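The values are calculated or read from the model by the stated rules, or taken from the named source; none is laboratory data. Quantities reported herein were computed from a predicted structural model and do not represent experimental measurements. Reconstructed Cβ throughout: ideal geometry from the backbone, glycine too, with neighbour counts over all protein chains shown.
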Ligand SMILES: Cc1ncc(COP(=O)(O)O)c(C=O)c1O
């Protein structure tokens, strides 16, 4: 048992009332009522663009400033100017990677990892194709952790960026962010983190860990569809953005924001950050650890877990296969029993390839709003399949 008031917590999420067991959190979390209310309230009471002298426009500017400050606290940034908003993590990464590489020289190197989502690989391979850069991909140890010896060996004097995830969205394995940052900085490279999968599970602490750039999407942590980026102030100022003339000189990460922002989503994000604060990281991680341990201890025989066998060094995101059954068939079986869990490679194919899983896996993703009863029910449906 954890100390999280689970019944009261779940009551806040109207979508959980339909009885479906939601294990698709890594694809996107559900949304609490205060976030829904904040989106509607913005559109009803303050909807306006920036730059006006009237109340609604000024209220929108105020909302943007306050949410930037809250997002900075959420990410662990030193200043609100280190936070930028965009369409989603992928779009922000394409934009930021273009800014970062604009002054790179042919032959400069970027390191990525086999734990990364394509959103933190494709922007680099595509920039490399345009600018004659070199991308090196670091592999995994057999237990699914990042091969840190290979990482250390691959980083060299031409390395300009080390791109890596806080945790894999496919198999849940977390990385040692501080150790990666240290390796990157030792050779003068930027530490470029994908926080997207990790963000609903624990605090990112970007500045404390020394990360230079981090991206994530708010719909993974109980907010609306909206991307967030952390860019260290000195780093943001050193790049020339592809930007409209009026915004080229915006401070910090805002230099990379394009056009009119989705203010109703920013209102929703503000409420989502309040929600996370109200629950607290301690209660969130405690609940996920309890649920994750229960799930791991109960995996029925016949099923194979791909990834770390305990809750140490991972999120409560589990990749499973049942020999003789395609992951998509297994996901359909779960759906028929009222369990929403996806199967496949989740745009994180490098990790599945490294583990010898060309078809990917069934992904069971637990968030703090899941219950022990849901874990037990899921295990019993998995057992139905493995026991024929
Ligand atoms: C680790 C990780 N990075 C990046 C992304 C891309 O996020 P978005 O589709 O919001 O851009 C995802 C989405 O699942 C993800 O899990």
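Assorted remarks:
- Number of positions in region 210-229 that are more than 21 Å from residue 99 (Cβ to Cβ) and touching a strand residue (DSSP E or B) at 6+ places or on another chain (Cβ under 8 Å): 2
- One residue alone among 271, 189, 214 is farther than 27 Å from residue 305 by Cβ and out of contact with any helix residue (DSSP H, G or I) (no Cβ under 7 Å at 6 or more places or on another chain), and that residue is 189.
- Subset of region 63-115 [within 16 Å of the ligand (Cβ to nearest atom), assigned to a helix (DSSP H, G or I) and either closer than 15 Å to residue 191 by Cα or in contact with a strand residue (DSSP E or B) (Cβ under 9 Å, 6 or more places away or on another chain) (or both)]: 71, 75, 89, 90, 91, 92, 93, 95, 96, 97
- The set of residues from region 1-21 being over 24 Å from residue 270 (Cα atoms) and touching a residue at least 40 places away in the same chain (Cβ under 8 Å) comprises 1, 2, 3, 19, 20, 21.
- Hits in region 351-383 - residues which are under 19 Å from residue 298 (Cα atoms), part of a helix (DSSP H, G or I) and touching a residue at least 12 places away in the same chain (Cβ under 8 Å): 372, 374, 375, 376, 377, 378, 379, 381, 382, 383
- The one condition in (1) in a loop (DSSP other than H, G, I, E, B); (2) within 16 Å of the ligand (Cβ to nearest atom); (3) touching a residue at least 60 places away in the same chain (Cβ under 8 Å); (4) surrounded by 19 or more Cβ atoms within 10 Å (Cβ to Cβ) that residue 199 fails to fulfil: (3)
- Residues in region 185-196 that are surrounded by fewer than 24 Cβ atoms within 10 Å (Cβ to Cβ) and touching a residue at least 40 places away in the same chain (Cβ under 8 Å): 190 alone.
- Considering only residues in region 206-248 that are closer than 30 Å to residue 187 by Cα, touching a residue at least 24 places away in the same chain (Cβ under 8 Å) and assigned to a helix (DSSP H, G or I), the one that is nearest to the chain's Cα centre (by Cα) turns out to be 206.
- Each residue in region 151-187 was checked for being assigned to a loop (DSSP other than H, G, I, E, B) and either within 30 Å of residue 342 (Cα to Cα) or within 16 Å of the ligand (Cβ to nearest atom) (or both), and 8 of them qualify.
- Annotation note: of 371, 317, the sole residue that is under 18 Å from the mean Cα position of the chain (by Cα) and closer than 26 Å to residue 198 by Cβ is 317.
- Qualifying residue in region 121-128 (condition: within 21 Å of the chain's Cα centre (by Cα), in contact (Cβ under 8 Å) with a residue 12 or more places away in the chain, assigned by TED's automatic domain parsing to the domain that holds residue 203 and not in a helix (DSSP H, G or I)): yes
- Of all residues making up region 106-125, the number that are within 17 Å of residue 349 (Cα to Cα) and surrounded by fewer than 22 Cβ atoms within 10 Å (Cβ to Cβ): 3
- Residue identified as within 21 Å of the chain's Cα centre (by Cα), touching a residue at least 40 places away in the same chain (Cβ under 8 Å), assigned by TED's automatic domain parsing to the domain that holds residue 105 and within 20 Å of residue 177 (Cβ to Cβ) among 161, 155: 161
- Pairing residues of region 337-350 that are without any contact (Cβ under 8 Å) to a residue 60 or more places away in the chain with residues that are away from the ligand (no atom under 14 Å from the Cβ), at Cβ distances under 6 Å and at least 6 apart in sequence or on separate chains, gives 337/381; 343/327; 343/328; 343/331; 343/362.
- Condition broken by residue 57, with the remaining ones in (1) farther than 22 Å from residue 223 by Cβ; (2) buried (at least 20 other Cβ atoms within 10 Å of the Cβ); (3) more than 22 Å from the chain's Cα centre (by Cα) satisfied: (2)
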